[in-house]
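Okay, structure first, notes after.
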Amino acid sequence: MGNGFDADRIGGSGALHALTDVIVRAGEIALKHFDRGVIPERKPDRSPVTAADREVEQVIRDYVMERYPHAEFYGEETGRHGDNAELRFIVDPIDGTRAFIRGLPTWSVLLGIEVEGSPVVGIAYMPSAGDLFVGALGQGTTHNGEQAHVSKVTSLSDATVMHGSLQQFTEAGVGDTLVGLAGACDSARGYPDFDGYRQVLLGRADAMVDPGVKPWDICAAAVLIREAGGRLTSMTGEETIYGGSAVASNGAIHDDLVAALGATSKG
C-alpha cells in the first residue's frame, strides 16, 4: 500500500461520497425501525438480530454488489459474498443491536473498506446524534464535514478510557483486565460499541478498550481513529482488525495502555 488511498480503486472521490450517502440512507431506514420499536430474534450464537439489521445490510449489500461485482462483501448478518482480498467491503448494519433493541440511541451503521488486506476507508453514522464520520487513508477523518482530531493527553494516569461491556471482558476471559484498567487511568467508563470510538474521535476520551470484537465492529473505526491522529491495534498491540480485540487511542498513551493491559492479563 502507498501512503494514501487511491480513490480510483472504488471509482473516484465521487464514489466515496455516494457510499457515504448510502450509509446515511441506511441509517435513516434503521431509525424508522428504532422509532417504531423492534422485536428481536436470536441467531445461532444467541446474539440478537432484528429486521432492521437485515434490511439495512441488504440495502448496503445490494448497492455494493451492483457497483462492485468483483469485490468481496463481508457483512455481520449475511457473511461473505465473493472472495477478493484486493477489495473488500466490511459492514455492520447496526453496531449496538442490544442498545437498539432497548431503545438506547447509541447504535451506528458502519462500513469499512479493505484494499489488499489493509483498512483504507471508514464510514460511521450515528443517526440519533446526527454524527457522521468519514475517513480515508492519507486524507484524514471528518466529523460532519469538519476535520476530526484525537485528544492531546500524554499520560495514561491522566487519561479517560472508554471500554466495552462487562460481558465482553468476562466472555473473553480478561475480566481482571478491567479492574487493572481502572487503576491505571484517571477514569474508566463503559461506552460500548462504536460509541466508545466516537468519544475518542470527538476528543472527549483518550482511548477505547474493546475485547471480543469482529472485523465488522472495528474496520471503519480503524481508519477513522488512525486518520484522526490516533492508533488502533489489538489488545496485544498488533496492527490488525482480525485479532479478536481492539485498543484505540490518541496515540500518545497507546504503548503504555497496551502494556498496562498486558500486565494485568498476566496477573
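Bear in mind that the values in this text are calculations on the coordinates, not laboratory data. Keep in mind that what you see is a predicted model, and the values were worked out from it rather than measured. In this analysis, Cβ positions are derived from the backbone assuming ideal geometry, glycine residues included, and neighbour counts consider all displayed protein chains.
Miscellaneous remarks
- Placing unit charges on the Cβ atoms only, positive for Lys and Arg and negative for Asp and Glu, gives the chain a dipole magnitude near 500 debye about its Cα centre.
- Computed from Cα atoms, the angle from the helix 254-265 axis to the main principal axis of the chain rounds to 70 degrees.
- Cα centroid separation, segment 1-27 to segment 87-104 (Å): 20 Å
- Under 15 Å, Cβ to Cβ, from residue 249 - net charge with Lys/Arg +1 and Asp/Glu -1: -3
- Average projected area [Cα convex hull, segment 144-210], square nanometres: 4.5 nm²
- Prolate/oblate/rounded label for segment 109-264 (Cα gyration tensor, a/c 1.5): prolate
- Label-point gap, in nm, between residue 157 and residue 39 - each point 7 angstrom along Cα→Cβ: 5.6 nm
- For segment 7-147, the Stokes-Einstein estimate of translational diffusion at 20 °C and a viscosity of 1.002 mPa s comes to 140 µm²/s, using the Kirkwood hydrodynamic radius over alpha-carbon pairs.
- Treating r as the C-beta distance of residue 102 and residue 78 and R0 as 22 Å, the FRET efficiency rounds to 0.35.
- The protection proxy used here, the mean number of other Cβ atoms lying within 10 Å of each residue, ranks peptides 169-178, 37-46, 217-226 as follows, highest first: 217-226, 169-178, 37-46.
- Rounded to the nearest 5, the antiparallel percentage of DSSP beta bridges internal to segment 156-265 is 55%.
- Residue 81 sits among other residues whose Cβ lies under 10 Å from its own Cβ, and their net charge, with Lys and Arg +1 and Asp and Glu -1, is 0.
- Separation of segment 175-196 and segment 52-72, taken as the distance between their Cα centroids, equals 34 angstrom.
- Estimated FRET transfer efficiency when R0 is 30 angstrom, pair residue 13-residue 259 (beta carbons, to 0.05): 0.15
- Computed over the chain, the per-residue total of -39500 (n - 2.57) for DSSP H runs of n ≥ 4 gives a 222 nm mean residue ellipticity of -11000 deg cm²/dmol, rounded to 500.
- Hull shadow area, averaged, the chain [alpha-carbon convex hull, nm²]: 12.9 nm²
- Length-normalised contact order of segment 7-147 in % [C-alpha pairs under 8 Å, at least 6 apart]: 18 percent
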